[in-house]
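The block underneath contains the structure these notes are about, expressed in structure tokens.
The values are calculated or read from the model by the stated rules, or taken from the named source; none is laboratory data. A quick note: this is a predicted structure, and the numbers were derived from the prediction, not measured. Cβ atoms come from the backbone with ideal geometry, glycine included; neighbour counts cover every protein chain shown. Just the protein is used for accessible areas: all its heavy atoms, side chains included, with ligands, DNA and RNA removed. Shrake-Rupley method; radii C 1.70, N 1.55, O 1.52, S 1.80 Å.
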Amino acid sequence: MEKTVYYEQRQEGYRKVLEEIKTNEKGRSDFENAITEHIYRWWANWKPDYEGWLQCADSLYAENAIIDAIGAEPQIYRDYRTSMKGQRDAFDMDMGPIQTFVAEGDTVAFNYRMYMTPKADMGPMKKGQTIVLKVSEFNTFADVEGYDEPMVVHLQLIASGLNG
């Protein structure tokens, strides 16, 4: 895998948040620190290919998590996996670093830029022309039986185009 500037920025973000958690600089609860670390670790390990993404995603989302991200209606995580396969078949993707981040109670909210490049012409989207989306995510965590750490049980993702 080619390591992009965004990969390096995601790694740096994870290193910084680990230091922040050590000192509890933000005054978070233990649970808030655990879910903060989990998101930043996931973000640092994010992979652009579908199989790599599955390995990362399976470590973040509970099997029955509700994912409100692709399409008009929320999906159960196992159905979201299928939707992501279609998206990865159609686009090359990269994720920018987390720009702003808030952890409160069982929820983390953050935003970032997503870079999607069509692999073929799709109406107004042209092959090789990168589309930049500004994305906000709200991830609700819970302790779920069968997992060693808190897992996302609900994701709400909101994206808007910055170009195209």
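With respect to the conditions (1) open to solvent by less than 40 Å² (accessible area, probe 1.4 Å); (2) farther than 18 Å from Arg10 by Cβ; (3) out of contact with any His (no Cβ under 9 Å at 6 or more places or on another chain), Gly52 falls short on a single one, namely (2).
If you go through the range 67-110, how many residues are over 18 Å from His154 (Cβ atoms) and either buried (at least 18 other Cβ atoms within 10 Å of the Cβ) or hydrophobic (A, V, I, L, M, F, W, C) (or both)? Residues that pass the stated criteria total 9. Can you pull out the residues in the range 15-44 that are of a type in the set (D, E, K, R) and open to solvent by less than 90 Å² (accessible area, probe 1.4 Å)? Residues satisfying the conditions are Glu20, Arg28, Glu32, Glu37, Arg41. Restricting the first member to the range 29-43 and to residues that are of a type in the set (S, T, N, Q), and the second to residues that are not in a helix (DSSP H, G or I), the beta-carbon pairs closer than 6 Å and six or more apart or on different chains are Thr36/Ala103. Taking the range 109-150 as the range and being under 24 Å from Gly13 (Cα atoms) and among the small types (Gly, Ala, Ser) as the test, the residues that pass are Ala109, Ser136, Ala142. Which of the strands (runs of 3 or more DSSP E) contained wholly in the range 101-164 include at least 1 residues that are within 20 Å of Ala72 (Cα to Cα) and touching a helix residue (DSSP H, G or I) at 6+ places or on another chain (Cβ under 7 Å)? It comes to 131-142.
Among the listed residues Arg88, Arg81, Arg113, which satisfies the condition of being among the basic types (Lys, Arg) and within 12 Å of the chain's Cα centre (by Cα)?
Arg113
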